Amino acid sequence: MAAPLDDITVIEVDNWMASPSAAAILADLGATVIKIEPLSGDPMRGNGRAPKVDAFRDMDCQFDVDNRGKHSICLDLTNPEAGKLIARLCENADIFMCNLLTKRQQKFGLDAETLFKSNPKLVHATLTGYGTDGPDAWRPGFDVTSFFGRSGLYDAMREGPTGTVPMARPAQGDHTTGLAFVGGILAALRLAERTGEGQEIETSLFETAIWTQASDFATTAIDRAPVRQRARENQLTPATNRYPCGDNKWVVFNMPTPNGWPMLCKAIGKEEWLEDERFATPKLRYDAMPTLVQMIDEALSTRTRDEWGEIFDAHGIIWGPVLGLHEVAEDKQAEAIGMFPTLTDPQRGEYRTVNIPMRFKRADVTPRGPSPAIGEHTEQVLTQAGLTADELQRLRKAGVIN
């Protein structure tokens, strides 16, 4: 089967996780992705936790998942020759993507206006922390600052106004923004193919985070009022809350409709609560939420999460287990939808990676292989671009390439 993007070439000048994750998706979709790294490599290299398995204790897993299936070239961007080389590669590329601020794009000759001169059909895509316009366009951003902090997401997730600010797991905002970046790139590619004109698109961690909270902002953008910070004791209904079971493993319910409360009471064997005047109406249940949380906690403490799960399913309860990451890695549903496919590392052997969240029934979409070593393909790619052995030697002596 063909891959959706097997005729597309991508030139990628970026680092860390957001933009590289988008390029990894394009590679899984079949694109030839050429990653440009500094001579010392992407600073993300070597920053992740290695697996607690002997054969993989030195594996750079977090870098691998965002850079698998790519070709790596190392260039010193501070040397003017490097920008010229990248522009030369872009002449025959379909997409140029980067996370460089506008001034750095212009400094290196990698801005859209410059690259369009030699490739007027190019898709020029930029991912930044805050966008390329406005008073903070200059400001560098990471997902914990731009996506979670500045967007209001951390504050909205606190349990009350004085609650501790939570901390996101690595790259949650980066990977979400990467998906938005892919969507914009593919739409721009489609338009460039239709019109024959290059397209310039961008997204940012900040704006993607705002979009993920669109349900809140749909109202907050109008009234400017703070959102409700919903601790367990401040939920709207007891049937849209989370509770620990007897083995201290948690479950979460989402039954906001009027029949959610009676369904929950019947499932946990507390039908007498339906006759309790303290909980007779939604308003009374909301007012009594601290009491109800304690009562439901006590009721669920009598069985394990798995035991309750069978009961909830038998009663048609809409619920989910609160799994640990290690449990998700063994989850049968995750396995059934192919979320942890297997790759082969030439030195280490087979290992599991993480799939992109899209499946094609009639196309070849899969991780293409492990991530490249630093500068692994420099000579190969530049030779294919037409550089001679003498030119490569001159660039090495000048410190432009390794």
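Go through (1) polar (S, T, N, Q); (2) farther than 22 Å from Thr366 by Cα; (3) assigned to a strand (DSSP E or B) and name the single condition Thr302 misses.
(3)
Need pairs with beta-carbon distance below 9 Å; first residue touching a residue at least 24 places away in the same chain (Cβ under 8 Å) and within the range 36-47, second in a strand (DSSP E or B) and basic (Lys, Arg); sequence gap 6+ or separate chains.
Between residues of the range 36-47 that are touching a residue at least 24 places away in the same chain (Cβ under 8 Å) and residues that are in a strand (DSSP E or B) and basic (Lys, Arg), the close pairs are Asp42/Lys35.
Table: residues versus (1) more than 19 Å from Phe56 (Cα to Cα); (2) of a type in the set (Ser, Thr, Tyr); (3) in contact (Cβ under 8 Å) with a residue 40 or more places away in the chain; (4) not assigned by TED's automatic domain parsing to the domain that holds Gly30.
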site	(1), (2), (3), (4)
Glu350	no, no, no, no
Thr353	no, yes, yes, no
Thr366	yes, yes, yes, no
Glu376	yes, no, yes, no
Val381	yes, no, yes, no
Ala385	yes, no, yes, no
Leu392	yes, no, no, no
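Quick one: which helices (runs of 4 or more DSSP H) sit completely within the range 1-115 and have at least 2 residues that are more than 23 Å from Gly386 (Cβ to Cβ) and more than 24 Å from the chain's Cα centre (by Cα)?
Values: elements: 18-28, 61-67, 80-90, 102-108.
The helices (runs of 4 or more DSSP H) meeting that bar are 102-108.
Of the residues in the range 239-288, how many are more than 15 Å from His315 (Cβ to Cβ) and in contact (Cβ under 8 Å) with a residue 40 or more places away in the chain?
Total meeting the criteria: 13.
Give just the number: which of (1) under 30 Å from Gly83 (Cβ atoms); (2) touching a strand residue (DSSP E or B) at 6+ places or on another chain (Cβ under 8 Å) does Arg352 not satisfy?
Evaluating Arg352 over (1) under 30 Å from Gly83 (Cβ atoms); (2) touching a strand residue (DSSP E or B) at 6+ places or on another chain (Cβ under 8 Å) leaves (1) as the failure.
Pairs only if they're at least six apart or on different chains, beta carbon under 8 angstrom, first in the range 100-115 and over 14 Å from Glu202 (Cα atoms) and assigned by TED's automatic domain parsing to the domain that holds Pro20, second hydrophobic (A, V, I, L, M, F, W, C) and surrounded by fewer than 17 Cβ atoms within 10 Å (Cβ to Cβ); list them, first residue then second.
Lys103/Trp138
In the range 208-228, is there at least one residue being under 17 Å from Asn99 (Cβ atoms) and either crowded, with 17+ Cβ neighbours inside 10 Å or in contact with a Lys or Arg (Cβ under 7 Å, 6 or more places away or on another chain) (or both)? Let's see the steps before the verdict.
Applying the first criterion (under 17 Å from Asn99 (Cβ atoms)) to the range 208-228 yields 208-209.
The next check asks that each one be either crowded, with 17+ Cβ neighbours inside 10 Å or in contact with a Lys or Arg (Cβ under 7 Å, 6 or more places away or on another chain) (or both); those that pass are 208-209.
Scanning the range 208-228, I find at least one residue that is under 17 Å from Asn99 (Cβ atoms) and either crowded, with 17+ Cβ neighbours inside 10 Å or in contact with a Lys or Arg (Cβ under 7 Å, 6 or more places away or on another chain) (or both), so the answer is yes.
Looking at (1) part of a loop (DSSP other than H, G, I, E, B); (2) within 30 Å of Thr257 (Cα to Cα); (3) in contact with an Asp or Glu (Cβ under 6 Å, 6 or more places away or on another chain), can you tell me which one Pro357 breaks?
For Pro357, the exception is condition (3).
Just the residues that are within 18 Å of the chain's Cα centre (by Cα) and not in a loop (DSSP other than H, G, I, E, B), please, taken from the range 150-173.
Listed by number, the residues that qualify are Leu153, Tyr154, Gln172, Gly173.
The values are calculated or read from the model by the stated rules, or taken from the named source; none is laboratory data. A quick note: this is a predicted structure, and the numbers were derived from the prediction, not measured. Reconstructed Cβ throughout: ideal geometry from the backbone, glycine too, with neighbour counts over all protein chains shown.
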